[in-house]
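Asker: Take a look at the following structure, please.
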Amino acid sequence: MSEGLATKSVLVSGGGSGIGRSICQRLATDGAYVIVADIDANNAQETADSLAGHRGEAIQIDVSDTVQVESVLSEV
């Protein structure tokens, strides 16, 4: 585990599948708290669930919607 990520929170947009999912899994393996953001809530949750033994959560967001992005960033 990377010491540099052990205390970090990371938001990954498009984390519900493909390359985004792989990035989430790698960041979690390296110790980061991963916020899996995706327009598809089910895919985001599947990715968050795949982070077995690691901290993380799923959120549904449409990154083309400025209001949603600002809301999520204020929460994070």
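The values are calculated or read from the model by the stated rules, or taken from the named source; none is laboratory data. In this text the structure is predicted, and so the values were computed from the model without any measurement. Here the Cβ positions follow ideal geometry from the backbone for every residue, glycine too, while neighbour counts run over all protein chains shown.
Asker: Kindly establish whether I59 is β-branched (V, I, T) and in contact with a helix residue (DSSP H, G or I) (Cβ under 7 Å, 6 or more places away or on another chain).
Answerer: Answer is yes for this residue.
Asker: Quick check on this structure: which one of S71, S17, S22 is at pLDDT below 95 and not charged (D, E, K, R)?
Answerer: Testing whether each residue is at pLDDT below 95 and not charged (D, E, K, R) leaves just S71.
Asker: Is there any pair linking a residue in the stretch 48-76 that is within 15 Å of A32 (Cα to Cα) to one that is charged (D, E, K, R) and surrounded by 14 or more Cβ atoms within 10 Å (Cβ to Cβ), with Cβ under 9 Å and at least six apart or on different chains, and which?
Answerer: The qualifying pairs are A48/E57; S50/R21; A58/D38; A58/E46.
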